[in-house]
Amino acid sequence: MISFDRYVFENGLRLIVHEDKSSPMVAVNVVYDVGSRDEDPSKTGFAHLFEHLMFGGSENVPDFDGPIQNAGGENNAFTNTDMTNFYNVLPAENVETALWLESDRMQQLVFSEKALNIQKKVVIEEFKETCLTEPYGDVWHHLSELVYEKHSYRWPTIGKITAHIEEARLEDVVHFFNKHYTPTNAILVISGNMSGEKAYELVHKWFSNIPAGKKHKRNLDYDSPQTEKKHKIVKGNVPLEALYMSFNMVDRSHPDYYAYDLLSDVLSNGRSSRLFQRLYKENPLFSQIDAYISGTFDPGMFVIEGRPMPKIGTEKAKQAIWHELELLKEEQIDSREIQKLKNKIESSLEYSEVNILHKSMSLAYFELLGDANLINKEAEEYQKVTSEDIQRVARKIFVLENCTELVYIPNEN
């Protein structure tokens, strides 16, 4: 059980404090309620660009890494479709260094043509290295656009095209910052060797005078239920054929989310999983195969991806996968198989709760999802899932008209 205190300041900033006296360190985690789903379709990649810009210096701090390192700590960040997360880990006695840095860039981030141009070049180079030159690197550009026709999940977090970053103007960047990076749009979590009272006092000192800003209200377009199979072939500089099969599934807050997650584990969690045992080990049709869910806040994707062995071909590979999916729809999974997966998940959750950074990230994540106390209910929700639940969601999701296929073919073919 992870205990915590929750406070809300007048400017809308939410503070969550988890005291852990066993650690001499604290994790300071700031989550902003902004991801790539909040971008203008003609100006994508901005949330990821800001992950870089936020380290470019503020009014009083030209370099964020130096002060944190001098305080005996480390920091970093990540961005995805739904959120942007900045984190710091440092000795508890130096926590004000992190609070000073985070408050300064929330209130007084420096914007200049020079800083923007530097980070644009960094992001564009990252785009080229990870998406354009890496084999299969553009998979999420193709697959997301195929799956989502209206929703802003239809482009990946790094952006739709490099031109959107190249053409980003300073006024566009300032507008995006003022819209999203405000106290009312932020959650601050402190986990570690600090009491709630002390944390509140320090956060009040550093953040209470920052103007609240307006709470961003989303008005997203949602796709209608898919009624026919989608298919796309991509020829590229890839060594082998690759197959991606995506099925539309529920959002992260839906009660069935846990059944879908366990269903993906049945297929592809470990060496005893269905796809590994039957399509890789016993009948080697694939050189590698995997199944996973996107876990997005809005309706997501259940993805099966694999690379067929040479001379097998994608048609035979697809037939083998569909055979396994039909078995899941026809036969209930043995309760022992499910319990083994539940135990593995529970063990993983318990292990993650040992680390103060993991705890701070999870608390921020669940607070953004709607309730920080979900951190204490996750294991229970997985344990509730039955064989009938897994069969039910399998029957619902694994139908041809709910399937989107993406196939990579090497150029020489």
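The values are calculated or read from the model by the stated rules, or taken from the named source; none is laboratory data. The model shown is predicted, which means the values in this text are computed figures rather than measured ones. Ideal geometry is used to build each Cβ from the backbone, glycine not excepted, and the neighbour counts take in all protein chains shown.
Tabulated data for the structure shown
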read-out: Flag for Leu406 being assigned to a helix (DSSP H, G or I), buried (at least 16 other Cβ atoms within 10 Å of the Cβ), of a type in the set (A, V, I, L, M, F, W, C) and in contact (Cβ under 8 Å) with a residue 24 or more places away in the chain; value: no
read-out: Cβ-Cβ under 8 Å pairs, at least 6 apart or on other chains, the stretch 353-373 side under 15 Å from Asp5 (Cβ atoms), far side among the aromatic types (Phe, Trp, Tyr) and assigned to a helix (DSSP H, G or I); value: Ala372/Phe366; Asn373/Phe366
read-out: Of all residues in the stretch 151-173 being outside any helix (DSSP H, G or I) and among the hydrophobic types (A, V, I, L, M, F, W, C), the one that is farthest from Phe111 (Cα to Cα); value: Trp155
read-out: Some residue of the stretch 288-303 being surrounded by fewer than 20 Cβ atoms within 10 Å (Cβ to Cβ), closer than 21 Å to Val139 by Cβ and of a type in the set (Phe, Trp, Tyr); value: yes
read-out: Answer residue from the stretch 23-56, given it is without any contact (Cβ under 8 Å) to a residue 40 or more places away in the chain and in contact with a strand residue (DSSP E or B) (Cβ under 9 Å, 6 or more places away or on another chain) and is surrounded by the most Cβ atoms within 10 Å (Cβ to Cβ) among those; value: Glu51
read-out: Test result for Glu102, of a type outside the set (Val, Ile, Thr) and buried (at least 20 other Cβ atoms within 10 Å of the Cβ); value: yes
read-out: Test: residue in the stretch 320-335 that is in a helix (DSSP H, G or I) and under 24 Å from the mean Cα position of the chain (by Cα); value: no
read-out: Residues satisfying the stated conditions in the stretch 374-387, i.e. among the hydrophobic types (A, V, I, L, M, F, W, C), part of a helix (DSSP H, G or I) and either touching a residue at least 40 places away in the same chain (Cβ under 8 Å) or closer than 21 Å to Asp298 by Cβ (or both); value: Leu374, Ile375
read-out: Test for Ser347: is it surrounded by fewer than 18 Cβ atoms within 10 Å (Cβ to Cβ), free of Cβ contacts under 8 Å to residues at least 40 places away in the same chain, polar (S, T, N, Q) and not assigned by TED's automatic domain parsing to the domain that holds Gly35; value: yes
read-out: Residues satisfying the stated conditions in the stretch 182-204, i.e. of a type in the set (Gly, Ala, Ser) and assigned to a loop (DSSP other than H, G, I, E, B); value: Ser195
read-out: Matching residues, the stretch 61-92, being in contact (Cβ under 8 Å) with a residue 60 or more places away in the chain and of a type in the set (A, V, I, L, M, F, W, C); value: Met83, Val89, Leu90, Ala92
read-out: Members of the stretch 122-133 found to be touching a helix residue (DSSP H, G or I) at 6+ places or on another chain (Cβ under 9 Å) and either modelled with pLDDT under 90 or more than 19 Å from Phe64 (Cα to Cα) (or both), listed by number; value: Ile124, Glu126, Phe127, Lys128, Cys131, Leu132
read-out: Among residues of the stretch 205-241, those that are farther than 30 Å from Glu96 by Cα, touching a helix residue (DSSP H, G or I) at 6+ places or on another chain (Cβ under 7 Å) and outside any loop (DSSP other than H, G, I, E, B), counted; value: 3
read-out: Check on Asp251, surrounded by 21 or more Cβ atoms within 10 Å (Cβ to Cβ), touching a residue at least 40 places away in the same chain (Cβ under 8 Å) and either farther than 19 Å from Gly306 by Cα or of a type in the set (D, E, K, R) (or both); value: no
read-out: Every residue from the stretch 237-259 that is in contact with a strand residue (DSSP E or B) (Cβ under 6 Å, 6 or more places away or on another chain) and not hydrophobic (A, V, I, L, M, F, W, C); value: Glu241, Tyr244, Ser246
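Here is a yes/no grid of residues against (1) of a type in the set (Gly, Ala, Ser); (2) out of contact with any strand residue (DSSP E or B) (no Cβ under 7 Å at 6 or more places or on another chain); (3) over 19 Å from Phe297 (Cα atoms):
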residue: Glu134; (1), (2), (3): no, yes, yes
residue: Asp138; (1), (2), (3): no, yes, yes
residue: Glu145; (1), (2), (3): no, yes, no
residue: Glu149; (1), (2), (3): no, yes, no
residue: Tyr153; (1), (2), (3): no, yes, no
residue: Lys160; (1), (2), (3): no, yes, yes
residue: Leu170; (1), (2), (3): no, yes, yes
residue: Val173; (1), (2), (3): no, yes, yes
residue: Phe177; (1), (2), (3): no, no, yes
